[in-house]
Each structure stands twice: as C-alpha cells, then as structure tokens.
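A short write-up of the structure that comes next.
The values are calculated or read from the model by the stated rules, or taken from the named source; none is laboratory data. This structure is a prediction, so every number in the text was calculated from the model and none was measured. Because the Cβ atoms are built from the backbone with ideal geometry, glycine has one as well, and the counts that use them run over all protein chains shown. Side chains are part of the model used for accessible areas, which takes the heavy atoms of the whole protein and leaves out ligands, DNA and RNA. Shrake-Rupley method; radii C 1.70, N 1.55, O 1.52, S 1.80 Å.
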Amino acid sequence: MAQPEYLRIAADLRRRIAPGGEFEPGDRIPTLPELCAHYEVSEITVRNAIRLLVGEGFLESRARAGTIVRKRPAIHRMPADRYRQTPGVRSTPYTKDQGISWSEYRLDKRFERVQADTEMAGLFECEVGERLLARHFVFYDNDQPTQMSTSYVRWSDVGGTPVADPINEPWPGGTRAQLGTLGIRVTEITESFQAGMPTELEVATLRIGSGVPVLRYTRRHIADTGRVVEVAHPIVRRGDTTIVDFRIKLDD
C-alpha cells in the first residue's frame, strides 16, 4: 500500500530541518503556496504534514511569522548514581539529571492528604486506606518545565514534620535527605520505566507537542528495615530527550 502523501512530505521536511539540514532552529520554512508548488500537492496535504510536525515538536506556528523550526531541546542523561548525595552541594537527583545549578532550579508544588487505593497499597505494600501525603510537583530547568510527578509518603512518617510543609520545597538532597532527617535510612531505590504518548495534561504541563512521546516511571524508596517509605507514581519526562543510563556489575 502506497504511503500517504502527507507522510512522505513530513519525512522530507524532517530531513530538511534535522541537524545539518537546510533549516536551522528559528528559521521560517517556505510558505504554504511554496510548499504546495515544491511538492506538487494540494494545500490540505501540506497542512496535514505541517500539523504532524507541529505535534511532534519539530515546528511551531507563530502569528505573522509563519511556521518556524523549533529550538531543539537538549538531551539529558539520567545516570544510575544520581541518588547519591554530594556533601556540601545543594542539589537533587533532578538537578543532576538536568545538569543545572540550584539557582536554575524551580519547583511548583501542591500537597494533599489522601488514602491509599488498591494500586498505591500494592506499591507501598500496605493496607488499602492507609493515610498518605501526596505531593504534586512540576520541575523547571530555568523557565522550562521538563518533569512532573506525584510523590507519596506515609502520613505516619511525615505528619507534623517539616517534610509535610510545602514551604520547605525544594529540599536539598531530595526525598532521601528528607527522610533522613526523620531517622529513616533509605538503602534501596527501585524504578520501573514505560514509554507512551502524552495525555492532555502532560502536553499542557510540559509544553510539548501531542506527538512527542513521554517516559513515565515509578520510583520507590525503601528503608533499611525493608519498608517502602516513598512512592513516586508516575514521574513523567519527555521521552525523545531522555536517556537512562544503567551500570550493571557482574560477578566473575
């Protein structure tokens, strides 16, 4: 079966706006009539191709400026050792992922008390209905939102402590450091990853195109007693700019 014309045009435009291609970020691509003449297709076909590339985050339409090649977002690596704390340095796993300083980091937050549903009880290995503190975060690299998450902690651990007060966020050292101030020693962290297409909320919050895939993952902090003390579910980042690094040591 022949490929639809708009997909062929979109593929060619991707090539022309790729690094080293004909157009640079900030450049205006040819006008609609020019593209129709170049590809010898109808206006609706070109519009469909452009709409696809806008959704994928390659192009953006600006009033009176036409269709512009979007700035290419930086690639960020998530190293396996990002949860290790560096003494004397104000940082979190997120700032390490982004490679930014504390002054470049901003966090939107909203806290609420909830009860564990069946899914959360399974992740915490607790009873359904246990009281939890849900902490909703949006993480900013300077003014660009690049991550969102909901982090749950047990109310029996944090109730009445500084950890339960959003005014203390962002907290240097992140969740592991927070729990450490409560005498909870985290010795294990698990993460489970899954890729998918974004929801409307994720598109709006992360300011991405609806065609940009996201990486969702679930993280659990586990104390030295074996008790799960925090669950972040889900953490969401754009998938096309995130690389997760693992280092696996094998016995001889």
Within region 59-77, how many residues are surrounded by 11 or more Cβ atoms within 10 Å (Cβ to Cβ), among the β-branched types (Val, Ile, Thr) and touching a residue at least 40 places away in the same chain (Cβ under 8 Å)?
2
Anything in region 92-110 that is open to solvent by less than 30 Å² (accessible area, probe 1.4 Å), part of a helix (DSSP H, G or I) and more than 18 Å from residue 222 (Cβ to Cβ)? List them, or say none.
94, 95, 97, 98
Inside region 171-189, can you point out the residues that are open to solvent by 40 Å² or more (accessible area, probe 1.4 Å), in contact (Cβ under 8 Å) with a residue 12 or more places away in the chain and not basic (Lys, Arg)?
171, 172, 181, 182, 187, 188, 189
What is the one condition in (1) out of contact with any Pro (no Cβ under 9 Å at 6 or more places or on another chain); (2) of a type outside the set (Gly, Ala, Ser); (3) within 22 Å of residue 237 (Cα to Cα); (4) open to solvent by less than 40 Å² (accessible area, probe 1.4 Å) that residue 124 does not satisfy?
(3)
So which of 95, 150 ends up being β-branched (Val, Ile, Thr), at pLDDT below 95 and closer than 18 Å to residue 238 by Cα?
95
How many residues are within 16 Å of residue 97 (Cα to Cα) and more than 12 Å from the chain's Cα centre (by Cα) when one looks only at region 219-243?
1
For the list (1) in a strand (DSSP E or B); (2) modelled with pLDDT under 95, I need the number of the one condition that residue 136 fails.
(2)
Count of region 131-155 residues which are free of Cβ contacts under 8 Å to residues at least 40 places away in the same chain and out of contact with any strand residue (DSSP E or B) (no Cβ under 7 Å at 6 or more places or on another chain):
1
Scan region 207-227 for residues that are modelled with pLDDT of 95 or more and open to solvent by less than 40 Å² (accessible area, probe 1.4 Å) and jot them down.
214, 215, 217, 218, 219, 221, 222, 223
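Of all residues in region 1-57 being assigned to a loop (DSSP other than H, G, I, E, B), within 25 Å of residue 214 (Cα to Cα) and among the acidic types (Asp, Glu), which is least open to solvent (accessible area, probe 1.4 Å)?
56
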Identify all residues within region 127-145 that are farther than 23 Å from residue 222 by Cβ and out of contact with any Ser or Thr (no Cβ under 8 Å at 6 or more places or on another chain); write none if there are none.
141, 142, 143, 144
Does residue 82 count as farther than 26 Å from residue 201 by Cα, open to solvent by less than 20 Å² (accessible area, probe 1.4 Å), touching a Pro at 6+ places or on another chain (Cβ under 6 Å) and in a loop (DSSP other than H, G, I, E, B)?
yes
Pairs, please: C-beta under 6 Å, at least 6 apart or cross-chain, first residue closer than 30 Å to residue 130 by Cα and in contact (Cβ under 8 Å) with a residue 60 or more places away in the chain and in region 230-252, second among the aromatic types (Phe, Trp, Tyr) and open to solvent by less than 30 Å² (accessible area, probe 1.4 Å)?
231/124; 235/217
Go through (1) part of a loop (DSSP other than H, G, I, E, B); (2) at pLDDT 95 or above and name the single condition residue 113 misses.
(1)
Spot the failing condition for residue 195; the list is (1) under 19 Å from residue 78 (Cβ atoms); (2) open to solvent by less than 30 Å² (accessible area, probe 1.4 Å); (3) not polar (S, T, N, Q); (4) not in a loop (DSSP other than H, G, I, E, B), and only one is missed.
(2)
